[in-house]
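Participant: Below is the structure I would like to discuss, written out as structure tokens.
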Amino acid sequence: MIRVENLHFAYNGREVIKGVDLTFGEEILALVGPNGSGKTTLAKHFNGLLKPTRGRILVDGMDTREHTIAELSRKVGYVFQNPEHMFFEETVFREVAFGPKNLGVSEKEIEERVRWSLKAVGLEGFEERTPYSLSGGEKQRLAIACVLAMKPKYLILDEPTTGLDLKAEKRVVEVIRSLRRKGHGVMLITHDMDLVLELAERVVLLSGGRKVFDGPVEEFFKLDLERYGLEMPELLLLAERLGAGFVRSFEELTGRVKP
Ligand code: ADP
């Protein structure tokens, strides 16, 4: 469990997180909010990239102020937006091996972790490719594999589907679902309300550095989202017009609407 207690954070004296309380466990949680609401700043606290100005964060009981980023990275993996900026090795294998190598893991275990991580994201057979030759969706999955090789319990994915075509997005969605089934907690930072509707189990909405909503997806979509610069998914607008109530997928909608 990640526990955020009365978190305040200021950049150079300007407070941008203003007293957030939050717990996050084995679930798919969507962290949403307008630009500049503090999502990235909050998420960077989970693996110790940022330390609280006031309040504290406990990651499975570890106070992030008392542990290094390296220690916390074994618990919390952070997949940044635009992951291609992360890659610097010549092959996919070496890219995924880099993290565990730094942890001092044995050669044999590195090999196992790389195979296992690439399999988890559906990139077996890509070991000798150069990361730059991959498509956008493949790069995103490689970035997830790099983080998985550190064996973290929690994964933070920053805009994981932005810029992907539909097919690539579907693969990433499948990877996230399978991580959840394997007992990971996945936090999605996203503007993509379709993705929230499809995947999330819970939504946390930040606005102006404060948590203004924390609850189930169905309740979240009853809010006035425009107020927060967010768009209602077309699927829900359609369902509403057809009087079908709340649905999570197109299949669910067609199942409810009788011809
Ligand atoms: P979001 O991820 O929701 O877009 P951020 O956490 O990136 O929000 O930003 C929250 C606020 O903190 C914004 O006002 C932003 O300008 C400011 N901010 C973000 N990073 C820095 C930084 N490195 N230095 C100073 N201010 C920052």
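The numbers here are math on the coordinates, done by the rules we state, and not lab data. Quick caveat, the model's predicted, so the values are computed rather than measured.
Participant: For all pairs of alpha-carbon atoms in the chain, what percent lies in each bin of width 10 Å, listed from the first bin to the last filled one?
Facilitator: In order of increasing distance, the bins hold 7, 29, 34, 22, 8, 1, 0 percent.
Participant: How large is the helix-only mean residue ellipticity at 222 nm for the chain, computed as the sum of -39500 (n - 2.57) over DSSP H runs with n ≥ 4, divided by its residue count, in deg cm²/dmol to the nearest 500? Working shown, then result.
Facilitator: Details: 10 runs with 90 residues, N = 259.
Calculated at 222 nm, the ellipticity per residue is -10000 deg cm²/dmol.
Participant: Indicate, rounded to the nearest 5 percent, the antiparallel portion of the DSSP beta bridges found entirely in the chain. The partial results should precede the final answer.
Facilitator: Details: 20 of 37 bridges.
DSSP beta bridges in the chain are roughly 55 percent antiparallel.
Participant: Now for a different question. Just the number, please: Stokes-Einstein D of the range 165-225 in µm²/s, Kirkwood Rh from C-alpha pairs, 25 °C, 0.890 mPa s. Write down the numbers at each step before the final one.
Facilitator: Details: Rh = 12.8 Å.
Answer from the Stokes-Einstein relation: 192 µm²/s.
Participant: How many Å³ per residue does the convex hull of the Cα positions in the range 91-150 occupy?
Facilitator: Values: hull volume 3.8 nm³, N = 60.
Expressed per residue, the convex hull around the Cα atoms of the range 91-150 is 63 Å³.
Participant: While we're on this one: What span do the alpha-carbon atoms of the range 37-181 cover on each of the three principal axes, reported in whole Å from largest to smallest?
Facilitator: In descending order, the Cα extents are 46, 38, 30 Å.
Participant: Using a Debye calculation, one point per C-alpha and no hydration shell, please list log10 I(q)/I(0) for the range 107-259 at q = 0.12, 0.20 Å⁻¹ in order.
Facilitator: Debye output, listed in q order: -0.62, -1.27.
Participant: Let me ask something else about it. Once you sort the root eigenvalues of the Cα gyration tensor of the range 1-70 as a ≥ b ≥ c, which label holds: rounded (a/c under 1.5), prolate (a/b larger than b/c) or oblate (the other case)? List each step's numbers first, then the result.
Facilitator: Values: a/c = 1.71, a/b = 1.13, b/c = 1.52.
It comes out oblate by the Cα gyration axes.
Participant: Something else now. Report ³J(HN,Hα) in whole Hz for each residue of the range 204-210, in order, from the Karplus equation J = 6.51 cos²θ - 1.76 cosθ + 1.60 where θ = phi - 60°; Gly and Pro get x.
Facilitator: Using θ = phi - 60°, the values come out as 10, 10, 9, 8, x, x, 10 Hz.
Participant: For Lys101, which lysines qualify as cross-link partners when the Cα separation must be under 29 Å and same-chain residues fewer than eight apart are set aside?
Facilitator: Lys44, Lys51, Lys75, Lys119, Lys139, Lys151, Lys153, Lys182
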